Amino acid sequence: MTQIMITVGIMSSLSGILALILTLANQYIANYGECNILINNDKEFTVEGGSTLLNTLNEQELFLPSACGGKGTCGLCKCGITEGGGPVLPTETSFLNEDDLKNNLRLSCQVKVKSDLKLTIPEDLLNARKYEAVVDSIKELTNTIRFLRIQISDGQQIDFTPGQYVQLLAPPYPGNPEEVFRAYSIASPSSNHDHVELIIGYVEEGLVTTYVHQFLQEGDNVSFNGPFGDFYLQKESDADIVLIAVGTGLAPIRSILYQLKEENINRKTTFFFGAKTEKDLILADEMKEFEEILPNFSYKPVLSRVTEEDPWDGDRGRVTDSIEKYIDNADNKEAYLCGSPVMIESAVKKLKEKGFTDENVFYDEFG
Ligand SMILES: Cc1cc2nc3c(=O)[nH]c(=O)nc-3n(C[C@H](O)[C@H](O)[C@H](O)COP(=O)(O)OP(=O)(O)OC[C@H]3O[C@@H](n4cnc5c(N)ncnc54)[C@H](O)[C@@H]3O)c2cc1C
Ligand code: FES
């Protein structure tokens, strides 16, 4: 018995060592030489193999969405690989459904460039650019939420659709040795091409939000890339618009409200905004101004942590309570939601009880 256990122990140690050697060899010794990359049967370039496809594309100034910074946890960096991608890796499978697999979609941060590749990438993603910029103002909206106005340098201009996001780069800082990208929705009007405004909440021990809240100062240079995302107003529709957000989820909604104003869109619009207390109702004055400017717009804040003694005469509870209270049915309505995955899950469930379907509910999860 003891002999069997010793043999099993030796065998597993040997296979562990072998796996380690293979990993190290793959990382440090493997030389894949020059690889040719062809995108959409059109754009072609040659690169040195060995990096992930995501990083290789970045080096060519081609930016795919990558909210987790290449860790394989956001599932946003998908692109089609029709030749040369090798087998789908275990780290990709949880993000790839049947349709994705049929369409040869892969997570570009997990695939290593080891041979010539043929890729399919949606044309709008090929328009994403890298921008150098300067933070020209920072406002503290609450103790944990900052509003940044970021002026783009060198006369560059950004074109985006309200609702889209950019990826802000945090450079190395004390306590974090690596560059990291994270997604932040653009809060400013799309008519502003020379700057973007972002609303960024602090996440304890979060890599990028620690940089933004503890290190970033007015006048600092920053880089971001984008725009990305398919969360935006369905413009060909005349349906009533139901906007639902909590916390920093207000950011893309603000950009959409500017769009309603600038494009004279008069669809009936209601914005349910959830916060804990009155001081967490960020940009409440602006929201009330939108009520003055947009004839068909109403702002309905709802607070979850007010006591009976608080002088708050608005709605109390969560945004799901507001859906229950104000929305009778889904007739000729579209809902747009933004915020934490937990809020979105419970709000979508509530909307579906009212008759909404996947066709008239659109959302951006900040997770
Ligand atoms: C499309 C999109 C748009 C987004 N827009 C915005 C925006 O406009 N404003 C904004 O503030 N954020 C936004 N986010 C979230 C943002 O991208 C980051 O995930 C967030 O700022 C945390 O980044 P971090 O590097 O500080 O934390 P990380 O280092 O990534 O995370 C540290 C830890 O905190 C956890 N964590 C991450 N996010 C949260 C959270 N929100 N609450 C609690 N725990 C968390 C992680 O699981 C991890 O354990 C958006 C996300 C997406 C996908
Ligand atoms: S970048 Fe997030 S999964 Fe690939």
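The values are calculated or read from the model by the stated rules, or taken from the named source; none is laboratory data. As the structure is a computational prediction, the values presented were derived from the model and not from experiment. Cβ placement follows ideal geometry from the backbone for every residue including glycine, while neighbour counts extend to all protein chains displayed. The protein model used for the area step is the full one, side chains on, heavy atoms only, and it has no ligands, DNA or RNA in it. Shrake-Rupley method; radii C 1.70, N 1.55, O 1.52, S 1.80 Å.
Of note:
- Residue satisfying all of: in the stretch 326-365; assigned to a helix (DSSP H, G or I) and in contact with a Leu (Cβ under 9 Å, 6 or more places away or on another chain); surrounded by the fewest Cβ atoms within 10 Å (Cβ to Cβ) among these: Val348
- Qualifying residue in the stretch 52-68 (condition: out of contact with any strand residue (DSSP E or B) (no Cβ under 8 Å at 6 or more places or on another chain) and more than 16 Å from ligand 2 (Cβ to nearest atom)): no
- Residue check for Ala170: over 20 Å from Gly219 (Cβ atoms), within 14 Å of ligand 1 (Cβ to nearest atom) and in contact (Cβ under 8 Å) with a residue 12 or more places away in the chain: no
- Matching option when the condition is modelled with pLDDT under 95, more than 29 Å from the chain's Cα centre (by Cα), within 24 Å of Asp116 (Cα to Cα) and open to solvent by 80 Å² or more (accessible area, probe 1.4 Å), among Ile21, Ile4, Ile29: Ile29
- Residue match in the stretch 177-192 (condition: more than 30 Å from Thr320 (Cα to Cα) and crowded, with 19+ Cβ neighbours inside 10 Å): yes
- First in the stretch 93-119 and on the phi > 0 side of the Ramachandran plot, second anywhere and small (Gly, Ala, Ser), Cβ under 9 Å, 6 or more apart: Asn104/Gly80; Asn104/Gly85
- Complete set of residues in the stretch 152-193 that are out of contact with any Ser or Thr (no Cβ under 9 Å at 6 or more places or on another chain) and of a type in the set (S, T, N, Q): Ser153, Gln156, Gln157, Ser191, Asn192
- Residue check for Ser223: under 17 Å from Arg146 (Cα atoms) and at pLDDT 95 or above: no
- Taking the numbered list (1) open to solvent by 30 Å² or more (accessible area, probe 1.4 Å); (2) touching a residue at least 24 places away in the same chain (Cβ under 8 Å) in turn, Phe147 passes all entries but (1).
- From Tyr202, Tyr211, Tyr131, residue being more than 16 Å from ligand 2 (Cβ to nearest atom), aromatic (Phe, Trp, Tyr) and open to solvent by 30 Å² or more (accessible area, probe 1.4 Å): Tyr202
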